[in-house]
Amino acid sequence: VPVLFKQALENTDTEEGKSVSLRCELTKADATVVWKKGEATLQASAKYEMKQKGTVAELVIHNAEPEDA
């Protein structure tokens, strides 16, 4: 059975230098989620924090900059 989005990502605004959180909900718990910006796969770092609990996956971008749009 394929994993589908129950709740897709929504556009989010934040101020430069602040943190922003992007969340999506999947139809299957603990499915593998890969976060990308364009063609580049994001890796966990001081800038990008990836969390997943059950069916909810979250990407936190710390110290947001215009280039993160």
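The values are calculated or read from the model by the stated rules, or taken from the named source; none is laboratory data. Keep in mind that what you see is a predicted model, and the values were worked out from it rather than measured. All Cβ positions, even for glycine, are placed from backbone atoms using ideal geometry, and neighbour counts span all protein chains on display. Side chains included, ligands, DNA and RNA excluded: accessible areas come from the protein's heavy atoms. Shrake-Rupley method; radii C 1.70, N 1.55, O 1.52, S 1.80 Å.
Points worth noting:
- For the stretch 1-29 and the stretch 37-66, distance of Cα centres in Å: 10
- Three semi-axes describe the equivalent ellipsoid of the stretch 3-66; taken as square roots of 5 times the Cα gyration tensor eigenvalues and ordered largest first, they are 21, 13, 11 Å.
- The stretch 3-66 - percent relative contact order, Cα under 8 Å, separation 6 or more: 39
- Per residue, the accessible area of the chain comes to 76 Å², computed with a 1.4 Å probe over protein heavy atoms only.
- Of all accessible heavy-atom area on the chain, the percent that carbon and sulfur account for (1.4 Å): 50
- Extension gain for the segment V20 to Y48, taken as residue separation times 0.36 nm less the Cα-Cα distance, is 9.1 nm to one decimal.
- In the stretch 1-59, the trypsin sites (Lys or Arg not before Pro) that fall in loop regions by DSSP, at most 13 other Cβ within 10 Å: K18, K28
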